[in-house]
Amino acid sequence: MKIHVLPSGPIKTIGYLLTNASLGEAILIDAPGDILEKITPLLAQEGCRLKELWLTHGHWDHTQDSARLKRELAVLIRAHRADQALIETPELMEAFMGARLGLEPAKIDVFFTPGETLTAVGRDFEVRHVPGHCAGNVLFYAASLKGPTGRTASTAFVGDALFKAGVGRWDLQGGGFEVLAQSIRSQIYTLPDDTIVFPGHGPRTTVGEEKATNPYVPLVAAQRPV
């Protein structure tokens with residue numbers, strides 16, 4: 001499996017194109033604006049067909065190119081049911097963002113079931129629900145494998161739940177800090193420390209680094225005075 005890191009759209013949201021040339025298949029995690037132009041030459045170069053789009057959550061900067069990808073490449077779209085309205089009726093998001101975004105609705109084909117395992121590009125991915133940034137944020141975790149070249153690192157694509165030394169904003173509709181902190185502790189910090197965390201914005205990090213240094217969500221919840 002090869003991971004292509006593709007900052008795209010007006011605020012450089014990261015889409016991740018995962019390819020396996022030997023299988024001739026690819027999946028895309030998130031669809032920021034103009035990502036179609038970036039993935040087209042990569043798919044041709046590796047001889048892969050884009051089979052599915054996995055949306056980490058329904059915020060506009062992660063879904064902007066979804067409808068175009070479905071229309072032009074006939075991809076299957078997966079997302080969490082809690083964010084269905086944001087993706088399929090994007091004017092609702094425009095209302096609480098207070099801006100005209102000009103988004104095209106995208107029909108979700110399959111809803112994620114937290115705890116399920118999806119197999120794609122030669123790997124198994126566990127789906128975990130990590131609400132708090134918004135109601136439907138999910139992550140995709142692929143455990144490390146051992147092959148002829150040795151051990152490969154575990155990976156987690158977390159959307160906007162966790163960043164390097166930061167967390168996703170929690171003040172938008174469907175968000176909440178306590179929910180987000182609990183999600184991070186129970187669904188991300190429980191992954192192996194060497195897991196590489198690929199966020200929706202900014203540089204990658206590791207679970208161990210964030211457990212040790214993240215100023216927003218320490219490993220152990222702060223004790224509240226009685």
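Would you mind computing, in nm to one decimal, how far apart the modelled labels at V220 and K12 are, each placed 7 Å from Cα along Cα→Cβ?
Label-label distance for V220 and K12, simple model: 3.7 nm.
Residue-wise, which Karplus ³J(HN,Hα) couplings in Hz belong to segment 33-50, taking 6.51 cos²θ - 1.76 cosθ + 1.60, θ = phi - 60°, and x for glycine or proline?
x, 6, 6, 4, 5, 7, 7, 4, x, 5, 5, 5, 4, 9, x, 10, 9, 6
Dipole size in debye (nearest 20) for the chain around its Cα centre, Lys and Arg Cβ +1, Asp and Glu Cβ -1?
It comes to approximately 380 debye.
From largest accessible area down, sort D160, D194; use a 1.4 Å probe on the protein chains.
Working: D160 10, D194 65 Å².
Putting D160, D194 in descending order of accessible area: D194, D160.
Counting other Cβ atoms within 10 Å, which trypsin sites (Lys or Arg not before Pro) in segment 13-58 have at most 10 and lie in a DSSP loop?
none
Quick one: Kirkwood hydrodynamic radius for the chain, alpha-carbon pairs, angstrom, one decimal?
By the Kirkwood definition, the hydrodynamic radius is 17.7 Å.
Of the residues P32, P131, P41, which exhibits the maximal mean-square fluctuation in a Gaussian network model of the chain defined by a 10 Å Cα contact cut-off?
Comparing P32, P131, P41 in the GNM, the peak value goes to P41.
In what order, largest first, do K164, K211 sit by accessible area if the probe radius is 1.4 Å?
Largest accessible area first, the list is K164, K211.
Hey, can you find the accessible area per residue of the chain for me, probe 1.4 Å, expressed in square angstrom?
It amounts to 45 Å² per residue over the chain.
Per DSSP H run of at least 4 residues, take -39500 (n - 2.57); add these up for the chain, divide by its residues and hand me the 222 nm value, nearest 500 deg cm²/dmol.
About -5500 deg cm²/dmol.
For T213 and V5, FRET efficiency with R0 = 22 Å and r from the beta-carbon atoms, rounded to 0.05?
0.50
Pop the C-beta distance of L92 and Q45 into the FRET formula with R0 = 35 Å and round what comes out to the nearest 0.05.
0.40
Mind listing P(r) for segment 1-127? All alpha-carbon pairs, 10 Å bins, whole percents.
13, 46, 33, 7, 0
Kindly sort V217, V179 by accessible area of their heavy atoms, largest first, with the probe set to 1.4 Å.
V179, V217
Looking at the chain only, what percent of DSSP beta bridges run antiparallel? Nearest 5 please.
Here the share of antiparallel DSSP bridges comes out near 65 percent.
Using 0.36 nm times the number of residues separating T190 and D124, minus their current alpha carbon distance, what extension gain do you get?
22.0 nm
Would you mind getting me the FRET efficiency between R81 and L23? Use the beta-carbon distance for r and R0 = 30 Å, nearest 0.05. If you can, show how the numbers build up before the last one.
Values: r = 29 Å, r/R0 = 0.97.
The calculated FRET efficiency here is 0.55.
Could you tell me which residue out of M93, L172, L139 lies farthest along the dipole of the chain toward its positive end? Charges go on the beta carbon: Lys and Arg +1, Asp and Glu -1, centred on the Cα centre.
Of the candidates, L139 comes out farthest on the positive side.
Would you mind telling me the antiparallel percentage of the DSSP bridges in segment 12-107, rounded to 5?
Around 40 percent of the beta bridges assigned by DSSP in segment 12-107 are antiparallel ones.
Positive end of the charge dipole of the chain (Lys, Arg +1 and Asp, Glu -1 on Cβ, about the Cα centre): tell me which of Q182, H80, I35 has its Cα farthest that way.
Highest projection toward the positive end goes to Q182.
Can you list the aspartates and glutamates whose alpha carbon sits under 18 Å from that of K164, skipping same-chain ones fewer than 8 residues off?
Those aspartates and glutamates meeting the cut-off are D193, D194, E209, E210.
The values are calculated or read from the model by the stated rules, or taken from the named source; none is laboratory data. If you're wondering where the values come from, they're calculated on a predicted model, not measured in any experiment. Neighbour counts run over all protein chains shown; Cβ positions are idealised from the backbone, glycine included. These accessible areas exclude ligands, DNA and RNA; they are computed on the full protein's heavy atoms, side chains included. Shrake-Rupley method; radii C 1.70, N 1.55, O 1.52, S 1.80 Å.
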